[in-house]
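Some notes on the structure that comes next.
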Amino acid sequence: MNLVFELWMPSNNSSNGRWTGDAGYYARVRNFRSKKALIRANEILEKKYFMYSFGDGWVARIDVYEASNNKSRQVRKKSNGFCGYDWMIDSIVKNLKIEPMASE
């Protein structure tokens with residue numbers, strides 16, 4: 001099963017009210033193959049989206065949906081990366097919510 005994670009910044013505190021990445025498309029595709037991974041993928045799909053507040057007026061939203069192999073290729077080709085927020089996907093897969101990264 002392929003899941004697409006799409007990144008949005010629906011709220012921010014910038015002076016003009018816009019995120020510099022507004023015009024871009026930011027997405028990642030993750031594959032879930034094992035029985036345990038498929039169970040997790042279905043749990044993620046039940047939630048549909050995840051929100052994370054940075055505490056300074058900025059809020060990230062990650063929408064998640066299942067995609068065919070063809071759609072997954074299109075997403076990978078169209079995406080401008082994930083702006084360094086891959087840790088959010090890792091947290092969703094691990095915890096079913098976005099938690100801040102532990103400082104190392």
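Values quoted throughout were computed directly from the atomic coordinates according to the rules given, and no laboratory measurement underlies them. If you're wondering where the values come from, they're calculated on a predicted model, not measured in any experiment. Using ideal geometry, Cβ is built from the backbone for each residue, glycine included, and neighbour counts are taken over all protein chains shown.
For the chain, the number of Lys pairs separated by eight or more positions or lying on different chains, with C-alpha atoms closer than 27 Å, is 26. Taking the longest Cα principal axis of the chain as reference, the axis of helix 35-47 is set at about 40 degrees.
Which value does Rg/Rh take for the range 2-95 over its C-alpha atoms, Rh per Kirkwood?
On the way: Rg = 13.9 Å, Rh = 14.0 Å.
Reported Rg/Rh, Kirkwood definition of Rh: 0.99.
Stretching the chain fully between ARG18 and ILE39 yields a gain of 3.9 nm (0.36 nm per residue, less the alpha carbon separation). Between 0 and 90 degrees, the angle of helix 86-95 with respect to the longest Cα principal axis of the chain falls at about 50 degrees. Taking ALA27, ALA37, ALA60 in turn, the Gaussian network model of the chain (Cα-Cα springs below 10 Å) assigns the largest fluctuation to ALA37.
Label positions at ASN69 and TRP87, each projected 7 Å from the Cα along the C-beta direction, are separated by 3.5 nm.
Given +1 at the Cβ of Lys and Arg, -1 at the Cβ of Asp and Glu and no other charges, the dipole of the chain around its Cα centre is 600 debye to the nearest 20. Note on the chain: helix-only mean residue ellipticity at 222 nm, from DSSP H runs of 4+ residues weighted -39500 (n - 2.57) and normalised by residue number, equals -9500 deg cm²/dmol. In the range 2-95, taking the dipole from charged Cβ atoms about the Cα centre, the farthest positive-side position among SER53, TYR85, ASN70 is held by ASN70. Extension gain for the segment TRP58 to ASN31, taken as residue separation times 0.36 nm less the Cα-Cα distance, is 6.8 nm to one decimal. Calculate how steeply helix 69-78 sits against the longest principal axis of the alpha-carbon atoms of the chain, using the helix alpha-carbon long axis, and give the answer as 0 to 90 degrees to the nearest 10. Here the helix axis deviates by roughly 20 degrees.
What residue among ILE89, ILE39, ILE62 shows peak mean-square fluctuation when the chain is described by a Gaussian network model with Cα springs under 10 Å? Of the options given, ILE39 has the highest mean-square fluctuation.
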